[in-house]
Amino acid sequence: MASAVKTSRPGYGQLLRTPGAWTFLLPGFLARQPFAMLTIGITLLVQSTTGSFGTAGAVTAATGVSMALFAPQSGKLADRFGQRAVLLPGVAVHVAGVAALITLALAHAPLWALLAVAVPTGASTPQVGPMVRARWAAKLGGSPLMPTAAAFESVTDEFTFVVGPVLATALCTGIHPAAGLITEAVLSLAGGLLFAAQRRTQPPVHRAQDTDRPRVSALSVPGVRVLIVAFLGIGTVFGGMQVSLTAFTEHIGHPGINGVLYGIFAAGNMLAGVACGAISWKVGPRRRLLVAYGLLALATTPLWSVTAVPLLAAVGLVIGLCIAPALISGYTLVETLVPAAARTEAFTWLTGAVALGQAAAASSAGQLTDRFGPSAGFLVPLAGTALALTVLLTLRAQLRPLSSTVVSGGAHGSDGSDGSDGTDGTDGTDGTDGTDGTDGTDYQVTAVTEDRERELASA
């Protein structure tokens with residue numbers, strides 16, 4: 001049984017004093033900014049040149065699907081060969097793809113040509129967010145600061161989604177329809193090169209020849225597969241909101257406020273992320289995920305019926321407030337479920353799931369908007385989150401770490417109980433994520449054992 005580890009109350013100040021953190025945080029912030037500009041930039045450019053939200057949604061979907069499919073492979077290669085080795089060629093391909101997409105769109109190329117270029121553009125999107133999370137995991141190990149780091153990263157992501165769509169919309173509507181994607185390409189190049197240069201903070205490379213143990217795939221972990229479904233649902237909110245807000249603001253004759261409305265939605269997400277990182281939780285991440293996801297599905301219910309801009313902004317804000325706790329809890333669970341050698345891959349699976357859900361939602365919302373009007377597209381986030389919530393509730397037991405995961409305040413027995421605190425056994429209520437040591441406060445998850453890695457590899 002592990003002894004309890006007494007630590008000071010984790011917070012953002014303590015997290016940001018981590019040695020070497022700022023060397024990858026600042027370049028990482030710049031490098032991930034284009035991620036928030038890509039899909040909205042494509043939507044606005046293609047819709048401007050074709051006049052069809054359906055076509056714009058299809059091109060955006062192709063970008064997102066390829067991103068979702070290739071992102072985990074990028075993460076796996078980064079775990080094996082290092083982040084720099086994967087990032088540099090990826091940035092070069094991505095910038096070239098964006099340039100080709102802009103050229104074809106402005107030349108009024110046929111849909112098949114736009115789709116053909118959208119695939120490599122999405123597949124090569126730099127996965128800086130998962131790489132930053134992997135660097136935090138490598139630096140902090142099983143520290144109680146890991147949930148704070150997850151919250152900080154969620155806040156950073158959402159800040160980019162506050163700035164990115166507003167910036168892209170302002171550039172596309174105020175300067176030129178292609179200006180948003182041009183800026184995205186420039187930031188991808190500059191930010192990617194700066195982040196790749198930070199070699200000292202890279203996680204250790206896990207080459208196959210470095211160990212006699214079989215290589216573990218993050219996808220072999222049942223809990224990761226459940227989280228992928230949950231993150232797919234979250235992606236439908238992002239994709240459905242982007243296309244539907246664009247259609248709604250054009251329908252009412254004020255396209256310029258599209259970025260503002262989406263920024264309010266993202267601001268809610270960011271504010272909730274700040275709060276999640278500042279709270280010393282007594283409820284574990286699994287239960288927080290279930291509660292937050294239920295509220296998220298509920299919050300998307302009135303979207304399709306809203307017709308007033310102030311009310312739509314308020315509903316968007318509430319939806320944003322529900323997303324951050326779900327995302328943070330999901331990312332926090334990764335550390336308890338996945339061995340260190342596969343965590344970048346796991347993070348990219350989740351990021352890719354959001355991109356895939358966003359792509360599918362963008363395409364579906366675009367089709368619904370073209371056929372039934374702007375309000376119909378808002379049904380997509382409701383359907384996506386409702387389906388994902390059903391899966392999440394049904395398979396919630398898969399989100400509990402197995403017996404080899406050690407938690408401060410008590411080791412997990414084979415029955416899944418939470419050490420000596422006498423709570424959360426195999427009844428499926430809160431499992432290992434619920435109580436936090438014998439005193440019910442800070443919990444610390446240490447590295448997954450070699451037996452766990454062999455078990456996962458054989459799955």
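A compact table of results
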read-out	value
Selection status of residue 364, of a type in the set (Gly, Ala, Ser), touching a helix residue (DSSP H, G or I) at 6+ places or on another chain (Cβ under 7 Å) and in contact (Cβ under 8 Å) with a residue 60 or more places away in the chain	yes
Residue match in region 297-320 (condition: more than 30 Å from residue 204 (Cβ to Cβ) and under 14 Å from the mean Cα position of the chain (by Cα))	yes
Condition check for residue 146: among the hydrophobic types (A, V, I, L, M, F, W, C), open to solvent by 10 Å² or more (accessible area, probe 1.4 Å), under 25 Å from residue 332 (Cα atoms) and in contact (Cβ under 8 Å) with a residue 60 or more places away in the chain	yes
Residue satisfying condition, being closer than 30 Å to residue 258 by Cβ, open to solvent by 20 Å² or more (accessible area, probe 1.4 Å), more than 20 Å from the chain's Cα centre (by Cα) and hydroxyl-bearing (Ser, Thr, Tyr), within set 173, 169	173
Top-ranked residue of region 337-346 - restricted to ones that are open to solvent by less than 10 Å² (accessible area, probe 1.4 Å) and in a helix (DSSP H, G or I), ranked as farthest from residue 220 (Cα to Cα)	344
Search result, residues across region 296-313 that are at pLDDT 85 or above, under 21 Å from residue 386 (Cβ atoms) and open to solvent by 10 Å² or more (accessible area, probe 1.4 Å)	297, 298, 299, 301, 302
Residue among 73, 33, 14, 83 that is surrounded by fewer than 24 Cβ atoms within 10 Å (Cβ to Cβ), modelled with pLDDT under 85, among the polar types (S, T, N, Q) and closer than 16 Å to residue 134 by Cβ	73
Which listed residue is out of contact with any Lys or Arg (no Cβ under 6 Å at 6 or more places or on another chain), open to solvent by 30 Å² or more (accessible area, probe 1.4 Å) and at pLDDT below 90, from 92, 138, 99	138
Residue count for region 34-73, restricted to those that are farther than 19 Å from residue 160 by Cβ and polar (S, T, N, Q)	8
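Conditions tested, residue by residue: (1) part of a helix (DSSP H, G or I); (2) closer than 25 Å to residue 65 by Cβ.
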{"position": "227", "(1), (2)": "yes, yes"}
{"position": "236", "(1), (2)": "yes, yes"}
{"position": "239", "(1), (2)": "yes, yes"}
{"position": "242", "(1), (2)": "yes, yes"}
{"position": "249", "(1), (2)": "yes, no"}
{"position": "256", "(1), (2)": "yes, no"}
{"position": "267", "(1), (2)": "yes, no"}
{"position": "282", "(1), (2)": "no, no"}
{"position": "288", "(1), (2)": "yes, no"}
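So that you can scan it fast, the table gives a plain yes or no per residue for (1) crowded, with 22+ Cβ neighbours inside 10 Å; (2) in a loop (DSSP other than H, G, I, E, B); (3) hydrophobic (A, V, I, L, M, F, W, C):
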residue	(1), (2), (3)
121	yes, no, no
126	yes, yes, no
165	yes, no, no
198	no, yes, no
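The values are calculated or read from the model by the stated rules, or taken from the named source; none is laboratory data. This is a predicted model, so every value here is computed, not measured. With ideal geometry, Cβ positions are generated from the backbone for all residues, glycine too; neighbour counts draw on all protein chains shown. To get the accessible areas, we keep the full protein, side chains included, count just its heavy atoms, and leave off ligands, DNA and RNA. Shrake-Rupley method; radii C 1.70, N 1.55, O 1.52, S 1.80 Å.
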